[in-house]
Amino acid sequence: MPKSTATCNSILALIFNATAWADIAENDTSSPAGNLYLSLHTASPGVGNNQTTNETAYTNYVRIAVERTTSGWDVPASGATANAALAQFAQCGASGATITHVAIGTASSGAGTVLYQGALSSSLAVANGIQPQFAAGALDVTET
């Protein structure tokens, strides 16, 4: 049984904008997560895995934080949201990698939970001097 568009929007607003879903779910009031973290991967992190699964390790790579607000993610509409601003990773140093997937997770490092993940439309060869980035609106997240 599929969810309604309103339900999809409420789920996305709760996760990405920290917006309470009246009578269903609220953002943690004592210590809510202020950010979600983008990670880059050399193969799929899978649907049951953590953020370290197939995570890239190019020189200078670190996950990047994106605020759980409308500054970080668009207000959900039609069951979808996207990054509201440029998401820019560290510039590659000496050793590179080929990036095939991106994930949105809960931790700045270590085995955080993957909330959403997907393949890039084309792989990205990251070498010395390359700085991976996603333009505002490029990371589409759809709840169905």
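The values are calculated or read from the model by the stated rules, or taken from the named source; none is laboratory data. All values derive from a computational prediction rather than experimental measurement. A quick note on method: Cβ atoms are made from the backbone with ideal geometry, for glycine too, and the neighbour counts reach across all protein chains shown. Just so you know, the surface numbers come from the protein's heavy atoms only, side chains and all, with ligands and any DNA or RNA stripped out. Shrake-Rupley method; radii C 1.70, N 1.55, O 1.52, S 1.80 Å.
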Roll a 1.4 Å probe over the protein chains and send me the accessible area per residue for the chain in Å².
51
Mean ellipticity per residue at 222 nm, deg cm²/dmol - from DSSP H runs of n ≥ 4 across the chain, formula -39500 (n - 2.57):
-3000 deg cm²/dmol
Positive-end residue, the chain charge dipole about Cα centroid, Cβ charges, pick of Ala84, Ala94, Val114:
Ala94
Report, in degrees rounded to the nearest 10, the 0 to 90 angle that the Cα long axis of helix 5-17 makes with the longest principal axis of the chain.
60
Based on the Cα atoms of the chain, what semi-axes does the equivalent ellipsoid have, where each is the square root of 5 times one gyration tensor eigenvalue, given in whole Å with the largest first?
28, 15, 14
Which stretch or stretches of region 72-108 have amide N atoms under 20 Å from the point lying 7 Å from Thr5's Cα along the Cα→Cβ direction?
74-83
Quick check: with the 1.4 Å probe, what order do Leu12, Leu120, Leu86 take by accessible area, largest first?
Leu86, Leu120, Leu12
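Rank-order 65-76, 15-26 by packing density, defined as the average count of other C-beta atoms within 10 Å over each peptide's residues, highest first.
Numbers: 65-76: 17.8, 15-26: 15.7.
Descending mean neighbour count gives 65-76, 15-26.
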Residues of region 49-69 with backbone nitrogen within less than 14 Å of a virtual label 7 Å along the Cα-to-Cβ line of Ala90, please, listed as ranges.
56-65
Cα→Cβ-extended label distance, 7 Å offset, between Ala127 and Ser78, nm:
3.9
Not counting ligands, DNA or RNA, and with a 1.4 Å probe, what is Ser123's accessible surface area in Å² rounded to the nearest 10?
80
Using a probe of 1.4 angstrom, how much of the accessible area of the chain is carbon and sulfur, in percent?
51
